[in-house]
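Report on the following structure.
The values are calculated or read from the model by the stated rules, or taken from the named source; none is laboratory data. Predicted model only: the values in this text are computed from it and were never measured. As a convention, Cβ positions derive from the backbone with ideal geometry for all residues, glycine included, and neighbour counts pool all protein chains shown.
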Amino acid sequence: MVVNVSSASPDEVSLGKVMVFSWLLLGVLTGLAWLGYSALHARSVFIGGAIANLSFLLLKRDLLKLLGGPLGAVKPLFFIRYYLRLSVVVVVLFLLVRYQLVNIVALLVGLSSVLFGIGLAVMVAAKSIFRQDCKG
């Protein structure tokens with residue numbers, strides 16, 4: 001199984017597929033939270049997922065810059081941006097929890113949407129590989 005940035009064949013996991021699956025899962029999880037619990041839970045899932053997905057999107061952009069150029073010149077800037085982004089996420093999460101603007105469990109479900117998206121993309125690629133192995 002290969003991780004690819006550009007358009008991928010069915011047996012590859014591309015970052016684009018991961019992002020699509022993550023946003024789709026976020027929509028499904030938000031809808032389920034709205035239907036099954038309350039607007040607070042749905043908002044919490046959405047906020048957590050939006051934070052995680054946007055952070056992942058920015059990390060993808062920074063990694064593409066890091067891998068696309070001279071490593072020595074870009075590496076310190078990558079780490080500065082990474083830790084700055086991490087600090088902003090921590091402060092935002094602290095404020096959301098401190099002032100009880102979100103349900104913590106629902107927020108964690110939303111924050112996990114990227115992980116679920118990665119898992120789903122890997123399962124789809126593994127299914128494709130398994131089907132090719134069974135045919136050949």
Checked segment 26-37 for anything under 23 Å from V97 (Cβ atoms) and exposed (fewer than 14 other Cβ atoms within 10 Å of the Cβ); matches are G36
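Conditions tested, residue by residue: (1) within 22 Å of A121 (Cβ to Cβ); (2) at pLDDT 90 or above; (3) not polar (S, T, N, Q).
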{"residue": "L25", "(1), (2), (3)": "yes, yes, yes"}
{"residue": "W34", "(1), (2), (3)": "no, yes, yes"}
{"residue": "L71", "(1), (2), (3)": "no, no, yes"}
{"residue": "P76", "(1), (2), (3)": "no, no, yes"}
{"residue": "L86", "(1), (2), (3)": "no, yes, yes"}
{"residue": "V90", "(1), (2), (3)": "no, yes, yes"}
{"residue": "R98", "(1), (2), (3)": "no, yes, yes"}
Here the residues within segment 94-136 that are of a type in the set (D, E) and in contact (Cβ under 8 Å) with a residue 40 or more places away in the chain are none
Exercise. Just wondering, is there one or more residues in segment 13-20 that are touching a helix residue (DSSP H, G or I) at 6+ places or on another chain (Cβ under 6 Å) and not in a helix (DSSP H, G or I)?
Worked result: yes
The residue from L35, L63 that alone is free of Cβ contacts under 8 Å to residues at least 12 places away in the same chain and either of a type outside the set (K, R) or under 19 Å from V114 (Cβ atoms) (or both) is L35
